[in-house]
Amino acid sequence: MTSDTPGPAPELSGRIRGGPAELLHDEVLAPQFAFESRHLLRHYVAIEKTLAAEYVRMDLITAEEAHRIAALLDSVGPDTLSAQPGANMSDIAFALERHVEAGLPHPVTAWHADRSRNDLQACAQVMYGRDQLTRFAAALLELGSVVHRLAEMTCDLPMPGYTHFQAAQIITPGFHLAALSEHLLHTHARLLNAYDGIDASPLGAGAMAGQELPWDRDRMARLLGFSRPQPHALTAVASRRWSAELTAELSLLGTALSRFTTDLLTWGGSEYGFIELPDELSGISSAMPQKKNYPVLERIRGRTAHLTAFHLDVLLGQRNTPFCNLVEVSKEAGTHLLNAFDSAHGTVRLLTEVLRRLTFRADRMRQVCEREFLGGFSLANALCLTEGVPWRTAQVVAG
């Protein structure tokens, strides 16, 4: 696919004689370049510095040359590089290479010897994934703290608990919120496990089967903040299992938050009136002045559906693809990873604020507890255990 734009410089490619077509550049390469410039560039820079340090260790470049390269890398920002079909094929790795080469007083011959973009991109992406996971985990911790506080404040307020949409037993808001707290702790444990799973550096895997120079993969992993290198080279560049695992956790959490939010929507309805939100988190009806609506809860529950959609997008992008380095998997399948984390982060922030400002109406909850026959289970137990009435008969009598 070619265009009328100038072809790549001879030193960039001896195989492709023309730059990407304008359509390919506009629809695919330029948006990808912009995304990576904004979100992955600092990881690319860190990786390039680590690789330069390895070249020094292997006596392929001098320490002075490595310092010059590092200084040029430090001068790069999101607005420094641009997608140029003719000069860098609208690829951020090539753009970074050209930027450094243009700033060196003389060529550093061995720089980028024995190198592939495959492990470079895989490493930057997994570093980005770790960042997103850490950022989201912090928001989830805040939600957990707010839930815990509200549970402590309401552990003595009687309220009806429901099974099959019918009042069943007396519980407290604190009891119900403790279940949400337990689920959040469980999710945190799973996120920690997911983090441990992706804390392996792909760098040094090369195109798919390793590299020829004696790269110290353990050292490179440590310099980039990983606990270890990814042991299998093909897995390092071919697998994006981590993106599916992370979005799976977001989807599972979203499903649980949807259910708890449904309870809040129910409790906030006029037939129940168990909870109240302040005016700034409430809405009105344009036609019925007596109503105080809680559309923020509908927003929260609605947003949780997106999390499952994003997870399915990641799965379907990888399904039926060969197990190798592939743009379809490494880029297209991860197109909405940031959207998934942004949506999850926003959803959790909204729910956190709702629970921080929520109040329970003790009078309304007590009225329902007094109205319903919620002592039936205890009565049946008492007839059976203290009066000797057979259990099923006790159930009939109590009923």
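The values are calculated or read from the model by the stated rules, or taken from the named source; none is laboratory data. Since the structure is predicted, the reported quantities are computational estimates derived from the model, not experimental observations. Counting neighbours? That spans all protein chains shown, and the Cβs are built from the backbone with ideal geometry, glycine included. Accessible surface areas use protein heavy atoms only, side chains included; no ligands, DNA or RNA. Shrake-Rupley method; radii C 1.70, N 1.55, O 1.52, S 1.80 Å.
Of everything listed in (1) out of contact with any helix residue (DSSP H, G or I) (no Cβ under 6 Å at 6 or more places or on another chain); (2) under 29 Å from GLU27 (Cβ atoms); (3) of a type in the set (A, V, I, L, M); (4) in contact (Cβ under 8 Å) with a residue 60 or more places away in the chain, the single unmet condition for ALA102 is (4). Picking from residues in the stretch 357-391 that are assigned to a helix (DSSP H, G or I) and of a type in the set (Lys, Arg), the one that is most open to solvent (accessible area, probe 1.4 Å) is ARG371. For the stretch 173-184, the criterion of being over 21 Å from VAL348 (Cβ atoms), buried (at least 18 other Cβ atoms within 10 Å of the Cβ) and among the aliphatic types (A, V, I, L, M) is met by no residue. Pairing each residue of the stretch 321-346 that is closer than 30 Å to LEU184 by Cβ and without any contact (Cβ under 8 Å) to a residue 40 or more places away in the chain with any residue that is acidic (Asp, Glu) and not in a helix (DSSP H, G or I), provided the two are 6+ apart or on different chains, yields no C-beta distance under 7 Å. Write out, first by first residue and then by second, each pair whose Cβ atoms fall under 8 Å of each other, whose residues are 6+ apart or on separate chains, and whose first residue, in the stretch 28-56, is open to solvent by 10 Å² or more (accessible area, probe 1.4 Å) while the second is in a helix (DSSP H, G or I) and basic (Lys, Arg). Correct list of pairs: GLN32/LYS331. Listed conditions (1) over 30 Å from LYS331 (Cα atoms); (2) open to solvent by 10 Å² or more (accessible area, probe 1.4 Å); (3) in contact (Cβ under 8 Å) with a residue 24 or more places away in the chain are all met by TRP215, apart from (1).
Looking at LEU133, LEU141, LEU96, LEU73, just one residue is more than 17 Å from ASP263 (Cα to Cα) and either of a type in the set (D, E, K, R) or open to solvent by 10 Å² or more (accessible area, probe 1.4 Å) (or both), and that residue is LEU141.
Candidates in the stretch 240-270 are the residues that are surrounded by fewer than 20 Cβ atoms within 10 Å (Cβ to Cβ) and outside any helix (DSSP H, G or I); of these, the one that is modelled with the highest pLDDT is GLY269. Taken over the stretch 271-288, the residue count meeting the criterion of being at pLDDT 90 or above, among the aliphatic types (A, V, I, L, M) and not in a strand (DSSP E or B) is 1. Taking first residues from the stretch 70-84 that are farther than 14 Å from ALA30 by Cβ and modelled with pLDDT of 90 or more and partners that are open to solvent by less than 40 Å² (accessible area, probe 1.4 Å) and part of a loop (DSSP other than H, G, I, E, B), the Cβ contacts under 8 Å between residues at least 6 apart in sequence or on separate chains come to LEU72/LEU104. Checking the stretch 177-194 against the condition returns no match, with no residue being part of a loop (DSSP other than H, G, I, E, B) and either modelled with pLDDT of 95 or more or of a type outside the set (S, T, N, Q) (or both). Hey, can you tell me all the residues within the stretch 336-382 that are of a type in the set (Ser, Thr, Tyr) and modelled with pLDDT under 95? Residue satisfying the conditions is SER378 alone. Mind listing whichever residues of the stretch 219-234 are in a helix (DSSP H, G or I), surrounded by fewer than 19 Cβ atoms within 10 Å (Cβ to Cβ) and either at pLDDT below 95 or in contact with a helix residue (DSSP H, G or I) (Cβ under 7 Å, 6 or more places away or on another chain) (or both)? Within the stretch 219-234, LEU223 is the sole residue that qualifies.
With the structure loaded, tell me whether ARG149 is closer than 23 Å to LEU355 by Cβ, assigned to a helix (DSSP H, G or I), without any contact (Cβ under 8 Å) to a residue 12 or more places away in the chain and among the basic types (Lys, Arg) or whether it fails that test. So ARG149 fits the description; yes.
Note on the stretch 152-173: residues that are without any contact (Cβ under 8 Å) to a residue 60 or more places away in the chain and either assigned to a strand (DSSP E or B) or closer than 15 Å to CYS369 by Cβ (or both) amount to 7.
Please tell me if ASP216 is under 22 Å from the mean Cα position of the chain (by Cα) and of a type in the set (Asp, Glu).
Against the criterion (under 22 Å from the mean Cα position of the chain (by Cα) and of a type in the set (Asp, Glu)), ASP216 does not qualify.
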